[in-house]
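**Q** Got a structure for you, written out below as structure tokens; questions coming shortly.
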Amino acid sequence: MPVDGAMTAPARAIRAAVYAMFAREGRPPSPAELVNALALGPDVVAAGLRELHDMHAIVLTPAGDGVRMAHPFSAWPMGFVLRTGDRFWWGGCAWDSFGIVAALRERLEILTVCPSCGRELRYAASHTEPAAEDYVVRLPRPAAEWWEDVVATCTNIRTFCSREHVTRSGDDYVTDLPTLWKLAQPWYGDRLDPDWQPHSREHNQSLLDSCGLTGPFWRLP
């Protein structure tokens, strides 16, 4: 969910290193690891991380001393675990979980629980094959509000075992797994590209439109 903007060279190198480690180890590098790996000064790394945070390319911790999220990856548990063999990642939400599938281009098992009844939900998807289960996903707030508190937004984009179990509010939206999977592939499929550029608002809006996600709820700021 990035905004428009051009990255400085240090920020570009930092972003690539963050995503590479998330893909490889399921965690982000610390600022000290970035200093050592990229031969950049601590102040340059700190400034680069802040630059990426401000352009919505990553999310820093509240203290600003580390990477909290690099969509679609999360540094902390957020209700979704993706795994293949003995490798695993934390997904930021139902949408981000499909984003990890898209970014890694692998078939992964996704584990979560229905927030309503506590039932364990397991489903699998690859970058070419969506999940087959009949579960649904609730998105809690309109697109224009996602980045007001993006961690809270992601925390509440959850998978439910049925529409009957979804607790509704006036500003939410419920969709199925195939629609969210379809959206995640072009939205997140290029995140591991070292030369990645933030998608424009117009580009992202067109991706939403192409999945039938239209109307005021899906209007980006």
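The values are calculated or read from the model by the stated rules, or taken from the named source; none is laboratory data. Note that the structure is predicted; figures quoted are calculated from it, not measured. So basically every Cβ, Gly included, is an ideal-geometry build from the backbone, and we count neighbours across all protein chains shown.
**Q** So is A152 touching a strand residue (DSSP E or B) at 6+ places or on another chain (Cβ under 7 Å), closer than 27 Å to A16 by Cα and in the same structural domain as T167 (by TED's automatic domain parsing) or not?
**A** Criteria not met by A152.
**Q** If the requirement is being surrounded by fewer than 20 Cβ atoms within 10 Å (Cβ to Cβ), small (G, A, S) and closer than 21 Å to L220 by Cβ, which of these qualifies: A46, A6, A37, A32?
**A** Sole residue among the options that is surrounded by fewer than 20 Cβ atoms within 10 Å (Cβ to Cβ), small (G, A, S) and closer than 21 Å to L220 by Cβ: A6.
Conditions tested, residue by residue: (1) closer than 17 Å to F80 by Cβ; (2) outside any loop (DSSP other than H, G, I, E, B).
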{"residue": "I110", "(1), (2)": "yes, yes"}
{"residue": "P115", "(1), (2)": "yes, no"}
{"residue": "G118", "(1), (2)": "yes, no"}
{"residue": "P130", "(1), (2)": "yes, no"}
{"residue": "W146", "(1), (2)": "no, yes"}
{"residue": "E164", "(1), (2)": "no, yes"}
{"residue": "T167", "(1), (2)": "no, no"}
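**Q** Out of the stretch 139-173, which residues are in contact (Cβ under 8 Å) with a residue 40 or more places away in the chain, of a type in the set (K, R) and more than 30 Å from D54 (Cβ to Cβ)?
**A** none
**Q** Which of the residues that make up the stretch 198-212 are farther than 19 Å from W181 by Cβ, in contact with a Pro (Cβ under 9 Å, 6 or more places away or on another chain) and not in a helix (DSSP H, G or I)?
**A** Answer for the stretch 198-212, where residues must be farther than 19 Å from W181 by Cβ, in contact with a Pro (Cβ under 9 Å, 6 or more places away or on another chain) and not in a helix (DSSP H, G or I): just P198.
**Q** Still on this structure, please answer the following. Filtering the stretch 80-96 down to residues that are at pLDDT 95 or above, touching a Ser or Thr at 6+ places or on another chain (Cβ under 8 Å) and not hydrophobic (A, V, I, L, M, F, W, C), which residue is farthest from V150 (Cα to Cα)?
**A** Among those residues, the one meeting the criterion is G91.
**Q** Something else now. Does V136 satisfy the condition of being in the same structural domain as T84 (by TED's automatic domain parsing) and either in contact with a helix residue (DSSP H, G or I) (Cβ under 7 Å, 6 or more places away or on another chain) or free of Cβ contacts under 8 Å to residues at least 12 places away in the same chain (or both)? It would help to see each step written out before you state the result.
**A** Working: in the same structural domain as T84 (by TED's automatic domain parsing): yes; either in contact with a helix residue (DSSP H, G or I) (Cβ under 7 Å, 6 or more places away or on another chain) or free of Cβ contacts under 8 Å to residues at least 12 places away in the same chain (or both): yes.
In short, yes.
**Q** Moving to a separate point now. Taking the condition of being touching a residue at least 60 places away in the same chain (Cβ under 8 Å) and surrounded by 14 or more Cβ atoms within 10 Å (Cβ to Cβ), how many residues in the stretch 202-221 meet it?
**A** Initial filter on the stretch 202-221 (touching a residue at least 60 places away in the same chain (Cβ under 8 Å)): 204, 208, 216-221.
Remaining after also requiring surrounded by 14 or more Cβ atoms within 10 Å (Cβ to Cβ): 204, 208, 217-218, 220.
Count: 5.
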